[in-house]
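Report on the structure given below.
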Amino acid sequence: MTDLQSDTGAGGKANGTVQVEMFGTGGGTEIQTAGKAKKRTVYGGGLKAPSPLGKNFVLDTNVLLHDPNCLSRFGDNHLCIPLEVLCELDKFKNEQSERGASARTVHRKLAALFSKYPAEATTGVPNREGGSIRLVPARAAAGAKSAVVEELLDVFRGQESNDNRILISTRMIAEKNTAPTILVTKDLNLQLKALAIGIPCEDYQNDKVDSAQVGASQMVVDLKPNDLQRFASAGSLDLPAHVRRVSPNEYVLLKAGEKRTMPARMGTDGAFHKLVIPEQIRLQRGVPLRPLNLGQQCFLDALLNPEISLVTCYGQAGTGKTLLAVASALHMTFDGAYNGVTVSRPVIPMGDTLGFLPGSLEEKLDPWLKPVYDALEFILTPEQVGPSKRKQQARPRKGGNDSFPTAGGKKSYDPFLESGLIEVEALCYIRGRSIPNRFFILDEAQQLTPLEAKTIVTRMAKGSKLVLVGDPAQIDNPYVDRLSNGLVYTRDRLRDESCSSHVTLERGERSQLAEAAARKM
């Protein structure tokens, strides 16, 4: 308890001493004055849940930024928003990025909720499922700390941070409630700190996909030899009765015996269809490209199918996902199917702007798009290179990337960049755009959050095709993992749509060394 001086009366004398409890257990603190009992609400500490039923989930800032709609996804449990989380959200609200948009969305949702029930902000506003949401402005004040909180304060002494204060708030909430109290955060370090001091902690699970789906290999369908022969000659085959449900545009391997196999695509009509792929793709006088394995055949079929507007592809380094995507995009654009090709790649963190880098937008993104430029250079460079050109290739153009230049000091793809046929897009500026009639390639899509992936998918206008490629096992974004990133989330949510398709590339073709390194290192 803390002594506060009350208002003075008309004669200038104090009316009494006010006793204020620094962290209350409900909707407010009762203030007693000398000579007259008076009740006034200062604020509640938000520690006590309005009902003993249901768990208490303390949300970290990154969970709200990751999914602003998470407030309605905890059922009949009680959500707690510490004051430190509101302070962190305030830092991001002015950013013109996906993170800033998420912070503003959370602010609007919370403001709309608590403006209707201001008196229940710290006691808990009920939801439709029987749970509640409340703010937790409690502090560990002198004279009102338990032995456990005292121990935590001693552990964190000299290490003031919002993360540590959130841990202390979580501990105080746990002491005031009989139901379990759990901290929900996507920050791995905060999860470890919580485990170290005995605070139950979980990752946000709502947008995680089934692990079996991420690691699933191509489905094999056993057929009778006559059925496989009929499929080879007719080009289609009705789904056999013994086969489980297959998603539209899912690729399977039809098998009759040990050595008789043939790839097929499940059509929207419920029948298997043969792949429709050219013998090779050759752009101008560049190197001819041919699919080198079964996975690449399926991927090429999906890329060249005008009825499929979304293609997702998993594949480790060296499987050819970027190269085939770029080659197919240029092939279809030259044939008139699209107005141009747009390529991009997440800059981690995606929300940061690129203003600190010198030069134009293309030059700013140049370090991030090297794999795409390498693919363009490989596709457009003639297979046979004379001695004079080899000398020229050894001297990269000043200020450009180290791709091989063509005659005149220009790289083979520079004319396409200058004409706008190939466009470089920064994802941090894509919000609000509508992209029609473009072949959009997003490399390293596993670095996206589900919300960022949704933003990109919804930018695709009529006539556009979106290709998301990446490796779910290689993630640098600290707030997603192989089961919750934007690439696998997009595949999981849109797997049954007739306009989407998915391919997993398992065999590396870059080199024997690259394949061995990808498997064993």
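In table form, for the structure just shown:
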{"read-out": "Residue selected from segment 417-430 under the condition in contact (Cβ under 8 Å) with a residue 12 or more places away in the chain, within 17 Å of Y338 (Cα to Cα) and not β-branched (V, I, T), by the criterion surrounded by the fewest Cβ atoms within 10 Å (Cβ to Cβ)", "value": "G420"}
{"read-out": "Some residue of segment 110-119 being in contact (Cβ under 8 Å) with a residue 40 or more places away in the chain and buried (at least 17 other Cβ atoms within 10 Å of the Cβ)", "value": "no"}
{"read-out": "Unique match (being farther than 15 Å from D60 by Cβ, under 30 Å from the mean Cα position of the chain (by Cα) and of a type in the set (D, E, K, R)) among R165, R128, R157", "value": "R128"}
{"read-out": "Enumeration of residues in segment 335-392 that are among the hydroxyl-bearing types (S, T, Y), modelled with pLDDT under 75 and more than 23 Å from the chain's Cα centre (by Cα)", "value": "S360, S388"}
{"read-out": "Matching entry among S403, S419 (being at pLDDT 50 or above, in the same structural domain as A453 (by TED's automatic domain parsing) and of a type in the set (S, T, N, Q))", "value": "S419"}
{"read-out": "Total residues in segment 431-464, condition under 20 Å from the mean Cα position of the chain (by Cα), of a type outside the set (V, I, T) and within 18 Å of A337 (Cα to Cα)", "value": "2"}
{"read-out": "Where A232 falls short, out of the listed (1) surrounded by 15 or more Cβ atoms within 10 Å (Cβ to Cβ); (2) free of Cβ contacts under 8 Å to residues at least 60 places away in the same chain", "value": "(1)"}
{"read-out": "Candidate set: segment 83-109, residues that are surrounded by 16 or more Cβ atoms within 10 Å (Cβ to Cβ) and of a type in the set (D, E); chosen: the one nearest to the chain's Cα centre (by Cα)", "value": "E98"}
{"read-out": "Subset of segment 297-317 (residues that are surrounded by fewer than 19 Cβ atoms within 10 Å (Cβ to Cβ) and within 20 Å of A518 (Cα to Cα))", "value": "A317"}
{"read-out": "Those strands (runs of 3 or more DSSP E) lying entirely in segment 244-309 with at least 3 residues under 31 Å from the mean Cα position of the chain (by Cα) and in contact (Cβ under 8 Å) with a residue 24 or more places away in the chain", "value": "251-256, 260-266"}
{"read-out": "Search result, residues across segment 130-150 that are modelled with pLDDT of 85 or more and surrounded by 13 or more Cβ atoms within 10 Å (Cβ to Cβ)", "value": "G130, G131, S132, I133, R134, L135, V136, P137"}
{"read-out": "Residue identified as at pLDDT below 90 and at positive phi among G24, G11, G16", "value": "G16"}
{"read-out": "Residue ID - surrounded by the most Cβ atoms within 10 Å (Cβ to Cβ), chosen from residues in segment 206-229 that are free of Cβ contacts under 8 Å to residues at least 60 places away in the same chain and not in a helix (DSSP H, G or I)", "value": "L223"}
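Okay, residues lined up against (1) farther than 27 Å from G486 by Cβ; (2) in contact with a helix residue (DSSP H, G or I) (Cβ under 6 Å, 6 or more places away or on another chain):
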{"site": "A174", "(1), (2)": "yes, no"}
{"site": "I182", "(1), (2)": "no, no"}
{"site": "N189", "(1), (2)": "no, no"}
{"site": "P200", "(1), (2)": "yes, no"}
{"site": "Y204", "(1), (2)": "no, yes"}
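One line per residue, one yes/no per condition, for (1) surrounded by 14 or more Cβ atoms within 10 Å (Cβ to Cβ); (2) farther than 22 Å from V488 by Cα; (3) small (G, A, S):
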{"position": "T261", "(1), (2), (3)": "yes, yes, no"}
{"position": "K274", "(1), (2), (3)": "yes, yes, no"}
{"position": "E279", "(1), (2), (3)": "no, yes, no"}
{"position": "G295", "(1), (2), (3)": "yes, no, yes"}
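The values are calculated or read from the model by the stated rules, or taken from the named source; none is laboratory data. All of these numbers come straight from a predicted model, not from anything done at the bench. Don't worry about glycine lacking a Cβ; one is built from the backbone with ideal geometry, like all the others, and counts go over all protein chains shown.
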